[in-house]
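The values are calculated or read from the model by the stated rules, or taken from the named source; none is laboratory data. Owing to the predicted nature of the structure, the values given are computational and were not obtained by experimental measurement. A quick note on method: Cβ atoms are made from the backbone with ideal geometry, for glycine too, and the neighbour counts reach across all protein chains shown. SASA here: full protein model, heavy atoms, side chains in, ligands and nucleic acids out. Shrake-Rupley method; radii C 1.70, N 1.55, O 1.52, S 1.80 Å.
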Amino acid sequence: MKRTEQASWKSAVMFLVALIALSAITWVGWSLLNHRSILAGNLVVSDANVNVGTLTAPQSLDIRSEQGNAINQALLGNVYQTLVGSSEKNVPEAGLARSWDLSKDGLHYTFHLNSNIRFSNGHTLDARDVVWSLQQTITKKYQGADELSLISAVDEEDARTVRITVASPAPNLLEALSTRAGIVYDQEAKINYSTQAVGSGPYEVSDWNKDSSLKLSKNTNYWASAPKTDNITLKYYADAKLLSQALESGDVDIATPLDATGLQAAKSNAALSVSTGLSQESVILAFNTDTSSVLSDQRLRQAIRYLVNDSEIVQSQQGLGAAIAGPFSPLDTGYEDLTGLFPLDINKGAALAAYFPPSYYSGSLRLVYPESYGEQLGQLIKTELAKGGIPVTATMVNDATWQQQVKSQRAFDMTILTTSSATDAGSYADPSKSITKFDSPSAQDHYQKAQSAINNDEYSQELKAYARAVSEGSPAEWLFMKVPVTAYSNNLAGVPVNRTSAYLPLWNITKQ
């Protein structure tokens, strides 16, 4: 080889080596600048990944038909978006529609879509998809279809404008369109919905191991601001103890919801932040108000409410409960703090109970409840009612027996159950839909007026009146609102805390 050729070859090699080194340095610098990775020994640890631990796994990815909250928690908002959005406090806000108009008679809603919306497969989302999706949900009775029962027509005015006509005023339509009922699907997508998902949200499903994990990765076709974390993996655990252990060991960065033991462990861990939120779930002592029942008399029901020490019961939940005294939670339109209606007053409760000698209810009231609520809660209620002279027989049963004895045979006076204000609050306006069989003309009147309200103010005021009429009528004693507890690494921000079992918006989570 000639000396000039050898020099040229050596120069080329040195240039190539320098180029590779420079590229590597540039990549590392760019990654650090953009918070993409840190070097740890020989490992590159990505901070664009967050692991979220929770308890209930979806059994299918078909959000159209899969029942329960697990599918909502994973996919609603994250993968599938709705025509109307929902804030952290469950208030309707802009979603796929940037704004909307309501006619003066309350019968016509005009929705204005955002620009340049695309599905994760790159397909354009426009008014035709909105119209088709709502029609599919209604005619095929997808989950949430009942909330759209008043819709009489859905029309495309232009590519970015949709007009919905209702048969009569539907003041809860916006809220309904922020749930599964308002999801907009790609009518051109040819997928197996049980194992695949195509939505317009900030994430798409990149991996799913049933009962184990579900990975969400950044949707590169997302039409709005990109999610703050590229990849989020939901990990599912069989019980709260395993979930807490996963958080403590670092297997997950976020855990929700924690039980009382997990809450205390997280509070004692300096590397973790702990937040309590609001939910729409309440544990209640439900009364059998059938005309043939001893609790058909409102005075005895009210006596029980004065005797039950709500503060003691809330305290027994060790941070997982909060006081509530009516069918709505702070996340609902029409919520009002009604805890002052029946404060603890043993003398007043005993005086009301004195109208009813033990022979009136054959010796004692029958409290029959699922064993999952534990012995302590039943015994607390029994002890507190005894202070007012009301004897109680508390019996825990398995779920099958509870279904038979309480729901089918109605052989009970009181029972304990969990209700959701999102689905159950209106049941007190219809005796056929409530396990209590509560029948109050006043409550029914206010509820009907609320459902026919034209504006939000009227709707809210009538719902408040309804909730007060229900609470005063005392078909139940609202023991406590379930408080979701979320613990997470201190270097995280944007972690959701309200109603986390049902709605878990993940796109604002970031590592600091």
Being more than 16 Å from Glu312 (Cβ to Cβ) and part of a helix (DSSP H, G or I) narrows Leu352, Leu341, Leu377 down to just Leu352
Residue under evaluation Ala176, criteria (1) free of Cβ contacts under 8 Å to residues at least 12 places away in the same chain; (2) touching an Asp or Glu at 6+ places or on another chain (Cβ under 6 Å), criterion not met: (1)
Within the set of pairs 6 or more residues apart or between chains, which connect a residue that is in contact (Cβ under 8 Å) with a residue 12 or more places away in the chain and under 21 Å from Thr419 (Cβ atoms) inside segment 358-387 to a residue that is open to solvent by 80 Å² or more (accessible area, probe 1.4 Å) and charged (D, E, K, R) with Cβ atoms less than 8 Å apart? Pro370/Asp399; Ser372/Asp399
Would you confirm, using the coordinates I've provided, whether Ser427 is crowded, with 20+ Cβ neighbours inside 10 Å and within 19 Å of Ile324 (Cα to Cα)? no
Checklist (1) buried (at least 21 other Cβ atoms within 10 Å of the Cβ); (2) part of a strand (DSSP E or B) applied to Leu258, failing item: (2)
Is it true that Gly85 is over 14 Å from Ile183 (Cα atoms) and either among the small types (Gly, Ala, Ser) or part of a helix (DSSP H, G or I) (or both)? no
Being within 23 Å of the chain's Cα centre (by Cα) and of a type in the set (Phe, Trp, Tyr) is the filter here; which residues of segment 331-353 pass it? Tyr335
Count of segment 441-455 residues which are of a type in the set (Ser, Thr, Tyr) and either crowded, with 21+ Cβ neighbours inside 10 Å or out of contact with any helix residue (DSSP H, G or I) (no Cβ under 8 Å at 6 or more places or on another chain) (or both): 2
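Each row is one residue, and each column tells you yes or no for (1) open to solvent by less than 50 Å² (accessible area, probe 1.4 Å); (2) in contact (Cβ under 8 Å) with a residue 40 or more places away in the chain; (3) more than 16 Å from Val162 (Cβ to Cβ).
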position	(1), (2), (3)
Leu76	yes, yes, yes
Glu88	no, yes, yes
Asn116	no, yes, yes
Thr124	no, no, no
Close pairs from segment 427-443: first at negative phi, partner open to solvent by 40 Å² or more (accessible area, probe 1.4 Å), Cβ under 6 Å, at least 6 apart: Ser427/Lys433; Ala429/Gln444; Ala429/Tyr447; Pro431/Lys437; Pro431/Asp439
Subset of segment 138-158 [part of a loop (DSSP other than H, G, I, E, B) and not hydrophobic (A, V, I, L, M, F, W, C)]: Lys140, Lys141, Tyr142, Gln143, Gly144, Ser149
(1) of a type in the set (S, T, N, Q); (2) at pLDDT below 95; (3) open to solvent by 30 Å² or more (accessible area, probe 1.4 Å) all hold for Gln245 apart from (2)
Out of curiosity, is Val198 out of contact with any Ser or Thr (no Cβ under 9 Å at 6 or more places or on another chain) and surrounded by 19 or more Cβ atoms within 10 Å (Cβ to Cβ)? no
Quick one: would you say Ser292 is of a type outside the set (D, E, K, R) and either within 30 Å of Ser434 (Cα to Cα) or surrounded by fewer than 22 Cβ atoms within 10 Å (Cβ to Cβ) (or both)? yes
Inspect all residues belonging to segment 210-227 and state whether any of them is more than 22 Å from the chain's Cα centre (by Cα), more than 19 Å from Asp126 (Cα to Cα) and not small (Gly, Ala, Ser). yes
Going through Tyr335, Tyr369 one at a time, which residue ends up being open to solvent by less than 60 Å² (accessible area, probe 1.4 Å), out of contact with any Leu (no Cβ under 7 Å at 6 or more places or on another chain) and either closer than 30 Å to Lys267 by Cβ or of a type outside the set (D, E, K, R) (or both)? Tyr369
